[in-house]
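In what follows, a structure is listed as structure tokens, so that the remarks can point back to it.
The values are calculated or read from the model by the stated rules, or taken from the named source; none is laboratory data. The structure presented is a predicted model; accordingly, all values stated were derived computationally and were not measured. Positions of Cβ are backbone-derived with ideal geometry, glycine not excepted, and every protein chain shown enters the neighbour counts. SASA here: full protein model, heavy atoms, side chains in, ligands and nucleic acids out. Shrake-Rupley method; radii C 1.70, N 1.55, O 1.52, S 1.80 Å.
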Amino acid sequence: MMKKTRWGIVGTGYISNRFTDGLRYVEGAEIYAVASRDKATAQAFADRFGISKAYGSYEEMAKDDDIDIVYIGTPNTVHLENSLMYMDAGRAVLCDKPLGANKAEVKAMVQKAREKDVFFMEGMWTRFFPAVKKALEWVNTGRIGTPKALFANFGIDSSADRTQWRFQKAMAGGALMDVGIYPLAMAFAAFGSAYVSLAGSAIVNDGVDEVNSFTLQYADGRIATLGSALAAKLDNKVVISGSEGCVVIGEGWDWWRANRTELRLSGDDIFSCNGGHELFEMPYPSFGFQFEAAAVQSYVAGGLKEAPEVTLDESVKLAETMEALRNMWGVVYDADNK
């Protein structure tokens, strides 16, 4: 009988609920423990998901040597301390995105992972969806010819409640950190992280960016035009255009957790791709975190220390890029002054 992988969940908020629901669809996964700052909250979460152990502090769960992998779903501002603590305890760690408030925090986490020789990954779950993998395969195998441009947006309007952490400077909020990291990571997935120029603009209120637009350009001329928002609804999809066609992710569905993607070939119309198309669809249950969790579980079982889809060096580059954009916009967090 295959030994089950025991997962520990750190935090009991929105994202931890969704991730844990996805774990129920991962073969060989045991949702073994949960930790919160409040024992009653942890117990309620445990009862909801049938978890055997509920801890009233993160420190207490760090001492449980029966846990194989920890998922960290706490607020951005405590990812650093939580990740370091569990890596010091020898645990494999999957931490929700963004890893930290700035590049220095992410570098500290990466250094700790390498020092302790444990698996560590930023929870960039979009990379693991079969539809996204298929889209990138089409790009990388030349189906759209020479890639020229990528367009990606993730914009929501949640401004009716500005008490949310997303709008709080003290919580490392803002559109870029919350949802803008998705378009940026998509550009890195398709075109790589070695861009040569970066430009951007933002609408900033109360110290956080509420709407932004930014562009990466690469040495060979490729351009990634990206945008995100917390106070404006955008055309949320990804289009990767090349000399012979384009790939579209996200029409009719959230592209950051895609269940479909389409390849459209150029044809003879200068305005649209009318040369034929291929559609890839893969519906799934829950919210889709099972794809990321299953991959991490297999990598840990295989002795890997990082995921090929989301390397540690790329996470540092993501943090560096977001910090550079924030500097352009005058968005400064408390962690930047430490």
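Side notes on the structure shown:
- Heavy-atom accessible surface of the chain: percent carbon and sulfur, 1.4 Å: 50 percent
- For the stretch 125-202, the equivalent ellipsoid built from the Cα gyration tensor has semi-axes of 30, 15, 10 Å, listed from largest to smallest.
- Here the peptides 251-263, 170-182 are ranked by packing, the mean other Cβ count within 10 Å, and the order with the highest first is 170-182, 251-263.
- Test item: Cα-centred dipole of the chain, Lys/Arg +1 and Asp/Glu -1 on Cβ, debye: 240 debye
- Convex hull of the stretch 160-273 built on C-alpha atoms - directionally averaged projected area, nm²: 8.6 nm²
- Option label - P(r) over Cα pairs in 20 Å bins from 0, in percent computed here, alternatives [x] 29, 49, 16, 5, 1, 0; [y] 31, 59, 11, 0; [z] 31, 54, 15, 0: [y]
- In a fully extended conformation the segment linking S159 and A199 would gain 11.9 nm over its present Cα-Cα distance, using 0.36 nm per residue.
- Anisotropy class of the stretch 90-232 from Cα gyration tensor, a/c 1.5 cut: oblate
- Here the sum of -39500 (n - 2.57) over DSSP H runs of 4 or more residues, divided by the residues of the chain, equals -9500 deg cm²/dmol at 222 nm, to the nearest 500.
- Whole-Å distance, taken between Cα centres, linking the stretch 176-231 and the stretch 253-298: 21 Å
- Solvent-accessible area per residue in the stretch 63-200 equals 34 Å², computed with a 1.4 angstrom probe and all protein chains kept.
- Whole-Hz Karplus values for the stretch 214-226 come out as 8, 10, 10, 10, 10, 4, 8, x, 4, 10, 10, 10, 10 Hz, taken residue by residue from phi with 6.51 cos²θ - 1.76 cosθ + 1.60 and θ = phi - 60°; glycine and proline positions read x.
- Ranked by how many other beta carbons lie within 10 Å on average, peptides 148-159, 85-96 from highest: 85-96, 148-159
- Pairs spanning more than 22 Å between alpha-carbon atoms, out of K97/K169; K169/K305; K39/K338: K169/K305; K39/K338.
- For the stretch 239-291, the solvent-accessible area works out to 50 Å² per residue, with a probe of 1.4 Å and every protein chain left in place.
- When peptides 39-45, 115-121, 271-277 are sorted by average Cβ neighbour count within 10 Å, with the highest value leading, the order is 115-121, 39-45, 271-277.
- Rounded to the nearest 5, the antiparallel percentage of DSSP beta bridges internal to the chain is 55%.
- Degrees between helix 181-191 axis and first principal axis of the chain (Cα, 0 to 90, nearest 10): 60 degrees
- Shape category assigned to the stretch 290-338 from the gyration tensor of Cα positions, a/c cut at 1.5: prolate
- Long-range HN-HN contacts of A232 with modeled amide H, under 5 Å: I156, D157, S158
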